[in-house]
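The values are calculated or read from the model by the stated rules, or taken from the named source; none is laboratory data. As the structure is a computational prediction, the values presented were derived from the model and not from experiment. Neighbour counts are summed over all protein chains in view; Cβ atoms, including those assigned to glycine, are modelled from backbone coordinates with ideal geometry. Note: accessible area is taken over every heavy atom of the protein model, side chains too, but ligands, DNA and RNA are not part of it. Shrake-Rupley method; radii C 1.70, N 1.55, O 1.52, S 1.80 Å.
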Amino acid sequence: MKSFFQALLLAVLVSFIPAVSSAKACLTAHIKDAIQLNKKRAVVYDQLTHGQSKAVSKKLIRMETWLMFAVPFADGWALPYQKAGVNILCDDFIDMSETPAFKTMNPDGKDNVANFKAVDVKPIIQDLDYLLDNNFYTSIANYADEQIKEMDKNPRYNCMVKHVLESIRRMAILAPRHNALAKKRIKIPSITLSKIVLRNHINMLDTSSEIDVLAAPMQADGIQIVCQDVPFIPVP
């Protein structure tokens, strides 16, 4: 709910800035590509699961659609930095073309859904909020990395939470680098933009966990919904 109101606020603010005409509207392009891919794959998953996947696809696409209210504002804010050679919001995200090829069945076969354990995201959100409030970007990256390594022990599940944490890790590493270059190139810090995008990602963890819970029974059956629908996000 918190991220919903942030998205609405940013949607209002975007009306006060010029439209982004540059091809480097990186975040907008990223979200649009994600929506397009997930809509396409939703049809296939629906057939594979006899309709069981509809709730997962609907929730995932709805989350991405709501983000589209905010991302034009973020891209508009980023444009002066990008023109100065600071690739904020472009280097932060991995192109959706890096998404794994679709497979109808997990090569590892099926699993007992009892092995699924949902990630308790509430303390993670609280910890990340605290670190972000205090501008501890290295600590954010390290903390997210610890959570990712824990989830890697059972990579079949919790793929959406893991994906968002990978994104948080990458952005937290790049934020101070972007900021230093921005201050050097145009004398205007970029850290506030990075902080807002990071905050939105932290808030997304709650919905991401709900998606993972819905997806778990299908993932146990060998359907790699969500897990094969997001690109791996490496450390920069």
- Item | Cubic angstrom per residue, convex hull over Cα atoms of segment 48-106 | 95
- Item | Mean separation of Cα contacts under 8 Å, 6 or more apart, over the residue count of the chain: relative contact order % | 28
- Leaving out ligands and nucleic acids, note down the accessible area per residue over segment 158-236 with a 1.4 angstrom probe, in whole Å². 34
- Item | Lysine pairs within segment 81-198, Cα separation less than 21 Å, 8 or more sequence positions apart or different chains | 20
- Query: Efficiency by 1/(1 + (r/R0)^6): what FRET value for Asn115 and Asn135, r their Cβ-Cβ distance, R0 = 45 Å, to the nearest 0.05?
  - Reply: 0.70
- Only Lys, Arg, Asp and Glu count, each charged at its Cβ (+1, +1, -1, -1), so figure out the dipole size of the chain about its Cα centre, rounded to 20 debye. 660
- Candidate lysines for bridging to Lys32, where Cα separation is under 18 Å - those fewer than 8 sequence places away on the same chain excluded: Lys24, Lys40, Lys58, Lys59
- With everything on Cα atoms, drop me the angle between helix 54-67 and the longest principal axis of the chain, reported from 0 to 90° to the nearest 10. 0
- Query: For segment 48-147, which trypsin sites (Lys or Arg not before Pro) are both in a DSSP coil and crowded by at most 14 other Cβ atoms within 10 Å?
  - Reply: Lys103, Lys110, Lys117
- Task: Return the tail of the calculated pair distribution for the chain, meaning the percent of Cα-Cα pairs more than 32 Å apart.
- Result: 19
- Query: Considering only DSSP states other than H, G, I, E and B, which trypsin sites (Lys or Arg not before Pro) in segment 149-236 qualify as loop sites with at most 11 other Cβ atoms within 10 Å?
  - Reply: Lys153, Lys187
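When the dipole is taken about the Cα centre of segment 104-201, and only Lys, Arg (+1) and Asp, Glu (-1) are charged at their Cβ, what size is it in debye, to the nearest 20?
620
With all pairs of different alpha carbon atoms counted, what Kirkwood hydrodynamic radius in Å does segment 85-162 show? Let's see the in-between values first.
Details: mean 1/r = 0.0647 Å⁻¹.
Over segment 85-162, the inverse of the mean reciprocal pair distance is 15.5 Å.
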- Hey, could you get me the Stokes-Einstein D for segment 142-203, Kirkwood radius over alpha-carbon pairs, 25 °C and 0.890 mPa s, rounded to whole µm² s⁻¹? 194
- Item | Percent accessible area from carbon and sulfur atoms, the chain, protein chains only, probe 1.4 Å | 58
- Query: Reported to two decimal places, what Rg/Rh ratio describes segment 112-236 when computed on Cα atoms with Rh from the Kirkwood expression?
  - Reply: 1.04
